[in-house]
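Trainee: One structure, pasted below without further comment.
The values are calculated or read from the model by the stated rules, or taken from the named source; none is laboratory data. All values reported here derive from a predicted model rather than from experimental measurement. Positions of Cβ are generated from backbone atoms using ideal geometry, with glycine treated the same way; all protein chains shown enter the neighbour counts. Accessible surface is based on the protein model in full, side chains and every heavy atom, while ligands, DNA and RNA are left aside. Shrake-Rupley method; radii C 1.70, N 1.55, O 1.52, S 1.80 Å.
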Amino acid sequence: MSKLDSKIPEGPLEQKWEKYKSSVALVNPANKRSLEVIVVGSGLAGASAASSLAEMGYKVKVFCFQDSARRAHSIAAQGGINAAKNYQNDGDSTYRLFYDTIKGGDYRAREANVYRLASVSANIIDQCVAMGVPLAREYGGMLSNRSFGGTQVQRTFYAAGQTGQQLLLGAYSGLQRQVGLGTVEMFARHEMLEVVNIEGKCRGIIARDLISGKLERHFGHAVLLCTGGYGNVFYLSTNAMGSNVTAAWKAHKKGAFFGNPCFTQIHPTCIPVSGDHQSKLTLMSESLRNDGRIWVPKKQGDTRKANEIPEDERDYYLERRYPAFGNLVPRDVASRAAKERCDAGYGVGNSKMAVYLDYKAAIERYGKTQAKKLNISNPTAEQLRVFGKQVVEEKYGNLFEMYEQITGENPYEVPMRIYPAVHYTMGGLWVDYNLMTTVPGLYALGEANFSDHGANRLGASALMQGLADGYFVIPYTIGAYLSKEISVKAISTDHEAFVNAEKDAQAIIDKLFAIKGTKSVDHFHKRLGKIMWDKCGMARNDKGLKEAITEIRALREEFWKDVRVPGTANDFNPELEKAGRVADFIELGELMCMDALNRSESCGGHFREESQTEEGEAMRKDEEFAYVAAWENKGNHTYEMHKEELKFEAIKIAARSYK
Amino acid sequence: MSHGNMNLTLKIWRQKNDKETGKLVTYPVKDISPDMSFLEMFDVLNEELINKGEEPIAFDHDCREGICGMCSMFINGRPHGPKRGVTTCQLHMRSFKNGDTIVVEPWRAAAFPVIKDLTVDRSAFDRIIAKGGFISVNTGNAQDANNIPIPKPDADASFEAAACIGCGACVATCKNSSAMLFVSAKISQLALLPQGRVEATTRVKNMVAQMDEEGFGNCTNTGACEIECPKGISLENIARMNREYFVANIKS
Ligand SMILES: Cc1cc2nc3c(=O)[nH]c(=O)nc-3n(C[C@H](O)[C@H](O)[C@H](O)COP(=O)(O)OP(=O)(O)OC[C@H]3O[C@@H](n4cnc5c(N)ncnc54)[C@H](O)[C@@H]3O)c2cc1C
Ligand code: SF4
Ligand code: FES
């Protein structure tokens, strides 16, 4: 029998969650006060979970590695958050959001989870607005929406290009309120390095105080990992510099299965790499595809400036290939199409690894509507441009500024140059319907889990998932577990399991310092990134993946022989932090390649060159691969795969077409 | 590895921890590209230091795109450097000239003690927010989001105030180390929304009290904070906070 029990409630899809909620065991208020919950991570998932659980009466400890909970990487999300509110009266519904998410994920997500996500989505907006999150509004005072890739309705709520910031600051304010009330104890500048399991249940963590360098032991009746995604395994990504897999990976090594590790999202609209000094990549929000048109010259190797290329010599390749969705096809499709054009020699810019994202038509169009609104009957071309620019500036101003800041070019005048970059990881710790990993008492929320996005995430759905998990799912599902733990007294951190876990963490630190090698941590990280990008990036094949595995193993050996970590352990030492993270990324990279090798189909962000149609579209193999690959760590860099078969009852599995 | 052709002299504050005194140390850097960000230039220097067996310079950073508020360098006497409207991580080397000498120090304020080199402790900001920078609504208590229409100008003004990234440049630049711009931004964001009015009185009083307790100085209206704020947080917020504070004190 499979070791995986997804614990999906019985009953029709639409009723599962309602029924679950009304039948799940509860913990009475007096007992909640003696139950302790550890939340690692203070992003949307962690902050919302921590404040909600604290409000309910649990004793909560929150950890993050930044200097403040407010700086979690969720802060950087730009474009928006989806919710099936149907405020635009354009036919949206819970079912449609559910359907779009399953289809967008290329039929590799679990129906029951996704349906629940869609059904709580509307509550998220209510909650955030009540907490004072200033989402964008129309003149009538109602909330405004925009559309996003992979959908045909307008269901995305936003706050200019700073949606993540506003949502996170809202969740952070709720968290700080609980800190002020004394129900949450906050540990900023702390990094989790181990989970502590006792008699088969997760009972705490080992964390390092990043300032003093001391290792600390913390007990919890349950531990929630809300530690974000692992896109930085590619070195260059749109993630923040500190984003890492360490917490999830350490949990994986202590028994939590890792789901679909190879499912990575490459975002189509990022600012291209400018040189080998590059330390990270900057995303230009997908919302830009809403109004911008993507093109390359029709002629190969065209060296003319963008504005010198006449209309009929431009290839709007997304509109050409996918007339129904045009520039709004899902991310994986848009990214591959850009790579295809550049590989074929149509790329633009110095590196020729870029395509244009053009706002000229949008500026004209908005100029005209604005002139009408202002009752100007014969506007001059200049007036139209000014009006159009104003509208575009209001919608996307900060993104345009950011582009100019980085590239030194003015995107109101010349088209932006964009290229795909690693952005999000759909894979993550395998969780059941309760968001519990394969280790009892250990949960994973937000980007850290593998759950709702299948093989490809739709834009504006990660923020939704993080807040759904934290505000509306875990407060119920944790009761199913904790209601059985009420008799468990807080376990002393002198327990040998804590002592041993601390020893494990200390041993790794000691080992890193003992090497005294010749190469910096970044040196190894860059090399890992290159292997991953070249061989486990936008296109993957059998040969490349096998090579990658061999290369990563060799890199791992070399890392542990030759890395140089300066300074000492009992000090604020960012290089030591990086070293630990890169060591984990190297191990993860190998597993990602193994997973990609195993999945010899193309689906979502995972494109296996061997599995494509004649027109170069991705080809799924449903009979063989309609499952979640959950990897068990068997120690010594060996892994065993377990399958969770995916059953599609509400949706008929079909080829994903955006034509 | 060669990147570009700028050669610079950096004078960087090195300080082991909050107990020891620090000093400026001179580091030449070579072959810098104008397309590098200021922090990427620091990466190059740190890589060099590591290769030489020295300790790299500790500095705070994370998102590297101007939104997390973590980066915090005082560059040639200005927080976040010479350009207006950007954070340190968004500053590019094209804002400097070949041959320049650049002095880099940490934020300096009694309420922001140095942790190491250019890294400071800004947890005072978190403690101020914990005193009232929120609306007390528990999860699950919300009504439909469109039930309270909010005039667009109010929503927009609230958003503009909410755009503060909590970097602390306003404090670093102020000769009094006042945190008024930061605190007033949060007060304003919530004061401008109907949902935020309910707790307006206690909020402003509690947050101001905590601000004083943390050791931030008074505001003497020099306006330096507004100029140096990377997010363009306006002095109007301070005026609004003063009004809120005045009214709150009359009420009680
Ligand atoms: C540039 C960018 C733009 C995006 N735009 C959008 C968008 O418009 N819409 C959308 O829906 N999604 C967007 N996303 C995706 C979305 O922002 C993320 O998936 C989501 O915010 C993740 O939230 P989280 O709470 O899971 O994790 P995060 O916000 O990443 O938080 C992780 C937390 O874990 C902590 N942590 C990590 N490891 C450790 C450790 N070992 N010890 C202690 N603490 C640790 C960190 O300190 C942090 O507090 C974007 C992502 C990027 C990179
Ligand atoms: S007000 Fe401006 S300078 Fe001050 S913390 Fe906020 S963003 Fe930084
Ligand atoms: S590193 Fe995030 S604002 Fe500079």
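Trainee: With a 1.4 Å probe and every protein chain left in place, tell me how much accessible area residue B:229 has, in Å² to the nearest 10.
Mentor: For residue B:229, the solvent-accessible surface is approximately 20 Å².
Trainee: Work out, step by step, the length gained on full extension between residue A:636 and residue A:352: first 0.36 nm times the residue separation, then minus their alpha carbon distance; give nm to one decimal.
Mentor: Numbers: separation 284, 0.36 × 284 = 102.24 nm, distance 4.24 nm.
Difference between extended and current length: 98.0 nm.
Trainee: Spin-label point model (7 Å from Cα, Cβ direction): what's the residue A:381 to residue B:52 distance in nm?
Mentor: For the pair residue A:381/residue B:52, the computed spacing is 5.7 nm.
Trainee: Sticking with this structure for a sec: Roughly how much of residue A:640 is accessible, in Å² to the nearest 10, using a 1.4 Å probe?
Mentor: 70 Å²
Trainee: Quote the convex hull volume per residue of the range A:505-658, based on C-alpha atoms, as a whole number of Å³.
Mentor: That works out to 151 Å³ per residue.
Trainee: Rounded to the nearest 0.05, what FRET efficiency do residue B:212 and residue B:20 have when you use their Cβ-Cβ distance and R0 = 25 Å?
Mentor: Numbers: r = 29 Å, r/R0 = 1.16.
So, using R0 = 25 Å, E works out to roughly 0.30.
Trainee: Given springs between every Cα pair under 10 Å in a Gaussian network model of chain B, which of B:115, B:233, B:50 has the largest fluctuation?
Mentor: B:50
Trainee: Additional query: By how many nm would the segment from residue A:89 to residue A:542 grow when fully extended, if each residue of separation counts as 0.36 nm and the alpha-carbon distance is taken off? Walk me through the numbers before you get to the answer.
Mentor: Details: separation 453, 0.36 × 453 = 163.08 nm, distance 4.71 nm.
Computed gain between residue A:89 and residue A:542 is 158.4 nm.
Trainee: Next question. Name the residues whose placed amide hydrogens come within less than 5 Å of the amide hydrogen of residue B:102, ignoring near sequence neighbours (fewer than 5 apart) on the same chain.
Mentor: Distant-sequence amide H within range of residue B:102: B:9, B:10, B:11.
Trainee: Measuring from a point 7 Å past the Cα of residue A:307 along Cα-to-C-beta, which residues in the range A:363-394 have an amide N at less than 20 Å?
Mentor: The answer is A:363-368, A:380-393, whose backbone nitrogens lie closer than 20 Å to the label point.
Trainee: Averaged across the residues of A:150-160, what count of C-beta atoms belonging to other chains lies within 10 Å of each residue's C-beta?
Mentor: Working: counts 0, 0, 0, 0, 0, 0, 0, 1, 0, 5, 4.
The shielding value for this peptide is 1.
Trainee: Could you compute how much accessible area chains A and B hide from each other, both sides summed, with a 1.4 Å probe? Nearest 100 Å² is fine.
Mentor: 6000 Å²
Trainee: While we're looking at this one, here's another question. Report, as an integer, the average count of C-beta atoms from other chains found within 10 Å of each Cβ along A:175-185. All intermediate terms of the calculation are to be shown ahead of the outcome.
Mentor: On the way: counts 4, 10, 10, 2, 5, 10, 2, 1, 0, 1, 0.
Counting other chains' Cβ atoms within 10 Å and averaging over A:175-185 gives 4.
Trainee: Can I ask one more? Between residue A:299 and residue A:216, what FRET efficiency comes out of the Förster formula 1/(1 + (r/R0)^6) with R0 = 51 Å and r the beta carbon distance, rounded to 0.05? Let's see the in-between values first.
Mentor: Details: r = 62 Å, r/R0 = 1.22.
Working from the Cβ atoms, E equals 0.25.
Trainee: Please give the charge dipole size of the range A:323-395, origin at the Cα centre, charges +1 on K and R Cβ atoms and -1 on D and E Cβ atoms. Round to the nearest 20 debye.
Mentor: Computed about the Cα centre, the dipole is about 140 debye.
Trainee: A further question on this structure: In nanometres, what is the gap between the two model label sites at residue A:372 and residue A:568, each 7 Å from Cα along Cα-to-Cβ?
Mentor: Label-label distance for residue A:372 and residue A:568, simple model: 7.2 nm.
Trainee: I would also like to ask the following. So which lysines can residue B:231 reach, going by Cα to Cα under 16 Å and dropping same-chain residues fewer than 8 places off?
Mentor: Result set, ordered by chain and number: B:83, B:186.
Trainee: Sticking with this one: When we measure straight from the Cα of residue A:368, which lysines land under 25 angstrom away, once same-chain ones fewer than 8 places off are left out?
Mentor: A:360, A:389, A:395, B:152
Trainee: When the accessible area of the range B:169-229 is split by element with a 1.4 Å probe, what percent falls to carbon and sulfur? Working shown, then result.
Mentor: Numbers: 1090 of 2200 Å².
Heavy-atom surface of the range B:169-229 belonging to carbon and sulfur, 1.4 Å probe: 50 percent.
Trainee: Which peptide among A:482-488, A:396-402 comes first, and what is the full order, when sorted by highest mean count of other Cβ atoms within 10 Å? Before the final figure, lay out each step's value.
Mentor: Details: A:482-488: 14.9, A:396-402: 20.7.
Ranking, from highest mean packing down: A:396-402, A:482-488.
Trainee: Based solely on its DSSP helices, what 222 nm [θ] is calculated for chain A when runs of n ≥ 4 H residues each add -39,500 (n - 2.57) and the sum is averaged over all residues, nearest 500 deg cm²/dmol? Before the final figure, lay out the partial values.
Mentor: Working: 19 runs with 249 residues, N = 659.
-12000 deg cm²/dmol, from helical runs alone.
Trainee: Return the whole-Å distance between the Cα centroid of the range B:120-135 and the Cα centroid of the range A:470-516.
Mentor: Centre-to-centre (Cα) distance: 28 Å.
Trainee: Now for a different question. What's log10 of I(q)/I(0) for chain A at q = 0.05, 0.07, 0.09 Å⁻¹, Debye sum over Cα points only, no solvent?
Mentor: Ignoring solvent entirely, the Cα scatterers give -0.22, -0.43, -0.73.
Trainee: Take the alpha-carbon centre of the range A:117-165, take the same for the range B:3-48, and report the distance between them in whole Å.
Mentor: Going from one Cα centre to the other spans 42 Å.
Trainee: Over the range A:267-422, give the accessible area per residue in Å² for a 1.4 Å probe, as an integer.
Mentor: On the way: 6660 Å² over 156 residues.
Each residue of the range A:267-422 exposes 43 Å² on average to a 1.4 Å probe.
Trainee: Now a separate question. Sketch the reach of a paramagnetic label on residue A:612 as a point 7 Å from Cα along Cα-to-Cβ, and name the residues of the range A:415-435 whose backbone nitrogen lies under 18 Å away.
Mentor: A:420-421
Trainee: Also: May I ask you to give the solvent-accessible area per residue for chain B, in square angstrom, as obtained with a 1.4 angstrom probe? Display every interim value, and only then the final one.
Mentor: Working: 9910 Å² over 252 residues.
Dividing the accessible area of chain B by its residue count gives 39 Å².
Trainee: To continue, here is another question. Provide, as a two-decimal number, the C-alpha radius of gyration of the range B:188-250 over 2.2 N^0.38 Å, N being how many residues it has.
Mentor: On the way: Rg = 12.5 Å, N = 63, 2.2 N^0.38 = 10.6 Å.
So the range B:188-250 has a normalised radius of gyration of 1.18.
Trainee: Roughly how big is the protein assembly as shown's charge dipole about its Cα centre, with Cβ charges of +1 (Lys, Arg) and -1 (Asp, Glu), in debye to the nearest 20? Walk me through the numbers on the way to the answer.
Mentor: Numbers: 112 positive and 111 negative charges, 198 e Å.
My answer is approximately 940 debye.
Trainee: Same structure, new question: From Cα coordinates alone, what are the radius of gyration and Dmax values for the range A:29-70 in angstrom?
Mentor: Cα radius of gyration and Dmax of the range A:29-70 are 10.6, 33 Å respectively.
Trainee: I'd like the distance between the alpha-carbon centres of the range A:223-295 and the range A:67-106, rounded to an integer number of Å.
Mentor: Taking the Cα centre of the range A:67-106 as reference, the centre of the range A:223-295 is 18 Å away.
Trainee: May I pose another question? So, R0 is 35 Å and r is the distance between the beta-carbons of residue A:488 and residue A:22; what FRET efficiency does that work out to, to 0.05?
Mentor: Working: r = 26 Å, r/R0 = 0.75.
That gives a FRET efficiency of 0.85.
Trainee: Could you work out what % of the accessible surface of the range A:354-428 is carbon and sulfur, using a 1.4 angstrom probe and leaving DNA, RNA and ligands out of the count? Walk me through the intermediate numbers first.
Mentor: Working: 1730 of 3470 Å².
Ligands and nucleic acids excluded, carbon and sulfur reach 50 percent.
Trainee: Restricting to DSSP H runs of at least four residues, report the calculated mean residue ellipticity at 222 nm for chain B, -39500 (n - 2.57) per run over all residues, nearest 500 deg cm²/dmol. Don't jump to the answer; show the numbers that get you there.
Mentor: Details: 9 runs with 89 residues, N = 252.
After summing the helix terms and dividing by the residues of chain B, the value is -10500 deg cm²/dmol.
Trainee: How crowded by other chains is B:39-47, given as the mean number of beta carbons from other chains within 10 Å of each beta carbon?
Mentor: Numbers: counts 3, 6, 1, 1, 6, 2, 0, 5, 5.
Per-residue shielding by partner chains comes out at 3.
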